[in-house]
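Note sheet for the following structure.
The values are calculated or read from the model by the stated rules, or taken from the named source; none is laboratory data. All of these numbers come straight from a predicted model, not from anything done at the bench. Cβ atoms come from the backbone with ideal geometry, glycine included; neighbour counts cover every protein chain shown. The protein model used for the area step is the full one, side chains on, heavy atoms only, and it has no ligands, DNA or RNA in it. Shrake-Rupley method; radii C 1.70, N 1.55, O 1.52, S 1.80 Å.
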Amino acid sequence: MRNRTFQLMITGLLLAVLAACGTVQTDLPDGIAVPEDNIFITTQPEPPVAKQETTLTVELKKLPEPDDTTVDLEIRKEGSVRGKFIKTKPDKGGENFSTQTTFDDAGKYEVIIHIYAPDVHQTVPRDLEVQ
């Protein structure tokens, strides 16, 4: 009986340690991977030009889990409820995520950055002016 109790205590301790290994402690509220003031989007060329391929790069500063994070972009022309989703590719450091796209028309666009991290789907809107 003592041996069985000891085994159960050890098993419980191991499970608690393993569960803690998958948890990252941050000071951010639930559902937030990166504070909004640490999220930047840049374009190449700057400003983007209609009908010309543009590289969009999202930079996430102080990302707690870069290896487990993905970023998608949702691009909507002003006044439109429908947009297009584009997947990005991370750089080797895991803080920059880039993709290429071509804007059909000049004007104002909303780029919604979708950040996916363990147990998180954070969206951050950014405005973009296309020439």
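Which ones in segment 88-105 are more than 20 Å from GLU129 (Cβ to Cβ), assigned to a loop (DSSP other than H, G, I, E, B) and either touching a residue at least 12 places away in the same chain (Cβ under 8 Å) or among the hydrophobic types (A, V, I, L, M, F, W, C) (or both)? Selection gives THR88, GLY93, GLY94, GLU95. With respect to the stated conditions, ASP127 is exposed (fewer than 11 other Cβ atoms within 10 Å of the Cβ) and closer than 13 Å to THR42 by Cα. Residue count for segment 91-112 under the criterion of being closer than 17 Å to GLN44 by Cα and within 10 Å of the chain's Cα centre (by Cα): the result is 2. Condition check: out of contact with any Gly (no Cβ under 6 Å at 6 or more places or on another chain), modelled with pLDDT of 90 or more, charged (D, E, K, R) and under 14 Å from GLN122 (Cβ atoms). Does ASP30 satisfy that? It is false that ASP30 is out of contact with any Gly (no Cβ under 6 Å at 6 or more places or on another chain), modelled with pLDDT of 90 or more, charged (D, E, K, R) and under 14 Å from GLN122 (Cβ atoms). Under the condition of being surrounded by 15 or more Cβ atoms within 10 Å (Cβ to Cβ), under 11 Å from the mean Cα position of the chain (by Cα) and more than 10 Å from ILE113 (Cβ to Cβ), the residues counted in segment 69-78 number 1. Among the residues of segment 33-61, those identified as more than 16 Å from THR88 (Cα to Cα), more than 12 Å from the chain's Cα centre (by Cα) and charged (D, E, K, R) are ASP37, GLU46, LYS51. Pick from GLY94, GLY107: which is open to solvent by less than 40 Å² (accessible area, probe 1.4 Å) and over 24 Å from ALA50 (Cβ atoms)? Sole residue among the options that is open to solvent by less than 40 Å² (accessible area, probe 1.4 Å) and over 24 Å from ALA50 (Cβ atoms): GLY94. Summed over segment 43-68, residues that are acidic (Asp, Glu) and either more than 17 Å from HIS114 (Cα to Cα) or open to solvent by less than 20 Å² (accessible area, probe 1.4 Å) (or both) total 2.
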